[in-house]
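Below is one structure, written out as structure tokens, with a few remarks after it.
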Amino acid sequence: MKPPNHRRSTRAWATVWLTAATALAACQSLVTAVPLSEQLAPLDMALSEDPDAVEARANSGDGQAQLAMSIVSMYGLHGRTPDIVAAGRWRDQALANRRVMPITQYTAAFNGSPSRVSIINVPVQTISPVQWQAVDQCLTLLSHGLAMNTIVCGSADESRMRATHWARVVRK
């Protein structure tokens with residue numbers, strides 16, 4: 001009986017790992033980071049838009065508006081009475097909100113078979129836990145008056161704008 005060739009098996013495993021790493025790198029390059037300004041869009045909506053209009057959109061299933069209503073309810077923005085229960089309900093609805101994004105796939109003709117178009121429905125979460133964390137971190141700083149000198153609420157200009165809006169709508 002011949003002893004196993006460890007050099008050959010090591011080379012084979014190295015090839016497998018290299019292939020797997022390349023595949024993962026290719027997948028990662030398809031995922032793009034969401035800009036902070038887009039992640040904080042529900043906060044901007046809660047600070048700048050009429051809460052009745054936002055609530056109407058939230059009731060129709062808009063996840064961004066649901067998270068904005070959670071903020072309005074939690075902090076009592078725009079003269080509303082703070083309601084922790086309603087805020088939790090809106091937040092839970094926003095985090096559970098899912099929609100379907102149709103993707104069209106074209107398969108070319110091959111070996112005499114006709115080409116075809118398929119529609120693949122991909123589920124998409126409207127509000128991700130990461131987006132909720134970004135909004136929550138900025139809200140924590142805004143509510144304590146600390147948002148001006150941080151990057152948590154965006155660039156210096158965006159942070160200043162959000163702090164100004166916050167001061168205006170909390171007083172109402």
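The values are calculated or read from the model by the stated rules, or taken from the named source; none is laboratory data. What you are looking at is a predicted structure, and each value in this text was computed from that prediction instead of being measured. Using ideal geometry, Cβ is built from the backbone for each residue, glycine included, and neighbour counts are taken over all protein chains shown.
Yes/no per residue for (1) polar (S, T, N, Q); (2) under 19 Å from Val54 (Cα atoms); (3) in contact with a His (Cβ under 9 Å, 6 or more places away or on another chain):
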{"residue": "Leu77", "(1), (2), (3)": "no, yes, no"}
{"residue": "Gln93", "(1), (2), (3)": "yes, yes, no"}
{"residue": "Met101", "(1), (2), (3)": "no, no, no"}
{"residue": "Thr104", "(1), (2), (3)": "yes, no, no"}
{"residue": "Val117", "(1), (2), (3)": "no, no, no"}
{"residue": "Gln131", "(1), (2), (3)": "yes, yes, no"}
{"residue": "His165", "(1), (2), (3)": "no, yes, no"}
Neighbours by Cβ (under 7 Å, 6+ apart or cross-chain): first from the stretch 130-154, without any contact (Cβ under 8 Å) to a residue 40 or more places away in the chain; second surrounded by 15 or more Cβ atoms within 10 Å (Cβ to Cβ) and of a type in the set (Ser, Thr, Tyr): Ala147/Ser159; Met148/Ser159; Thr150/Ser159
Scan of the stretch 137-159 for residues that are in a helix (DSSP H, G or I) and surrounded by 15 or more Cβ atoms within 10 Å (Cβ to Cβ), ordered by number: Gln137, Cys138, Leu139, Leu141, Leu142, Glu158, Ser159
Only listed residue being at pLDDT 90 or above and under 16 Å from Gln131 (Cβ atoms), chosen from Leu77, Leu67, Leu36, Leu95: Leu67
